[in-house]
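Notes to accompany the following structure.
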Amino acid sequence: MKAAICEKPGLENLKIKHDVEEPKITDHDVLIRVKAAGVNPIDHIVVSGTLPIKPVPHIPGAGTSGVVEEAGRHVTSLKRCERVIMHNKVFDGICDICLSGNDMLCRNGGLIGVATNGGFAEYMAVPEKNVFKIPDEMQWELAASLPVTTLTPYHALKEAALKVNESLVIFGVSGNTGMMATQFGKKMGAKVIAVSKDNWIKDFGAGYIISEYDRVVEKVNELTQGKMADIVLNSLGVQTWENSFASVSLNGIWVTFGGLTGADVKLNIQSHYSKQVILIGSTGGTRREIIEVIDMSKELKTRVWKKFTLDETKEALQALYAKEGMGEFC
Ligand SMILES: [Zn+2]
């Protein structure tokens, strides 16, 4: 089969090979014929070689949608030709963390596309417990965005326990996860304030847009009548850290699931405890939540900046940062 292969670190070393052996399934696995794969920062990290990966040579790709090509002997919930997405967390289901309902944090886990081969290929083998059916009418592009782009902000807002009528400031709304966060914020009944220069984000549910990046804190102050934001979601990292932290209300919540522009930030402990700000780290989401986002998928929209073929994987990964991840798929 055809697949994108990392043999050594560096995007320049990524190769498209046509003679890669098709993955073999066990009795509990499903062979998926890949229809669309999301291109996410994690894939870029994998290819750059800053994370340990298995196996090597490695097929990246952490967010995939496709069709069941073959189901293992003991697979009961899926059959050939069904449309599916995969939940990209490897988990054992038996450790204390899994039993607490947080299988994405499994002590013995990892990520499909990092700890195992991923979906930048014609086929991939995935355990049945990681595969979920999707409705017939769902577009492949949206489907491929569910495992990472959609699930991640949904879980983050649930972790932050966003409530009706609360103010939610989102940094990086023009990116894929930001667009989804905006839609979920609106669905959960929040007043969504988007920090963005893109006016189209209003179509995704933003009630207010702050486009002057040097006046973010002042504008949040104005829009919240001096209270500041109940919840601030910032996954852009260091570049927007100061503005985002300064935008949180007394007793408010600052939540993140990424650090696109850099992860090292400077925190003044006093400003943290004296305002009683809660800092929440969030990663991925649970299998239950993936079922919830599939249920809501009819009401969600995504914006695909550009589609790439599997042969153009390198270009797709390059474009991810060049365009701030405007939703590319291969
Ligand atoms: Zn576990």
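Observations on the structure shown:
- Qualifying residues in the range 74-101 (those that are within 10 Å of the ligand (Cβ to nearest atom) and closer than 14 Å to Ala125 by Cα) - the one most open to solvent (accessible area, probe 1.4 Å): Val90
- Residue check for Ile253: of a type in the set (A, V, I, L, M, F, W, C) and free of Cβ contacts under 8 Å to residues at least 24 places away in the same chain: no
- Picking from residues in the range 302-330 that are in a loop (DSSP other than H, G, I, E, B) and at pLDDT 90 or above, the one that is farthest from Tyr154 (Cα to Cα) is Thr309.
- Ile112 falls short of the stated requirement of being of a type in the set (Val, Ile, Thr), within 16 Å of the ligand (Cβ to nearest atom), without any contact (Cβ under 8 Å) to a residue 60 or more places away in the chain and open to solvent by 40 Å² or more (accessible area, probe 1.4 Å).
Yes/no matrix, rows are residues, columns are (1) of a type in the set (D, E, K, R); (2) in a strand (DSSP E or B):
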position	(1), (2)
Lys129	yes, no
Met138	no, no
Leu146	no, no
Pro153	no, no
Lys158	yes, no
Leu162	no, no
Ala181	no, no
Gln225	no, no
Ile231	no, yes
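- For the residues Ala181, Ala143, the requirement of being at pLDDT below 95 and open to solvent by less than 20 Å² (accessible area, probe 1.4 Å) singles out Ala143.
- For the residues Ser249, Ser271, Ser244, the requirement of being within 20 Å of Glu218 (Cα to Cα) and part of a strand (DSSP E or B) singles out Ser249.
- Residue match in the range 264-277 (condition: out of contact with any Phe, Trp or Tyr (no Cβ under 7 Å at 6 or more places or on another chain), open to solvent by 70 Å² or more (accessible area, probe 1.4 Å) and on the phi > 0 side of the Ramachandran plot): yes
- Given (1) of a type in the set (Val, Ile, Thr); (2) touching a Cys at 6+ places or on another chain (Cβ under 8 Å); (3) open to solvent by less than 30 Å² (accessible area, probe 1.4 Å), index of the condition Ile53 fails: (3)
- Residues of the range 206-223 satisfying the condition of being part of a loop (DSSP other than H, G, I, E, B) and open to solvent by 30 Å² or more (accessible area, probe 1.4 Å): Gly207, Ser211, Glu212
- Any hit, the range 156-169, residues being touching a Leu at 6+ places or on another chain (Cβ under 7 Å), closer than 30 Å to Glu82 by Cβ and open to solvent by 10 Å² or more (accessible area, probe 1.4 Å): no
- Failed item, numbered, when Asn234 is tested on (1) over 14 Å from the mean Cα position of the chain (by Cα); (2) crowded, with 21+ Cβ neighbours inside 10 Å: (1)
- Any strands (runs of 3 or more DSSP E) falling wholly within the range 1-74 and containing at least 1 residues that are at pLDDT 95 or above and within 20 Å of the chain's Cα centre (by Cα): 29-38, 63-71
The values are calculated or read from the model by the stated rules, or taken from the named source; none is laboratory data. Here the structure is a predicted model, which is why all the values come from computation and not from measurement. Don't worry about glycine lacking a Cβ; one is built from the backbone with ideal geometry, like all the others, and counts go over all protein chains shown. Side chains are part of the model used for accessible areas, which takes the heavy atoms of the whole protein and leaves out ligands, DNA and RNA. Shrake-Rupley method; radii C 1.70, N 1.55, O 1.52, S 1.80 Å.
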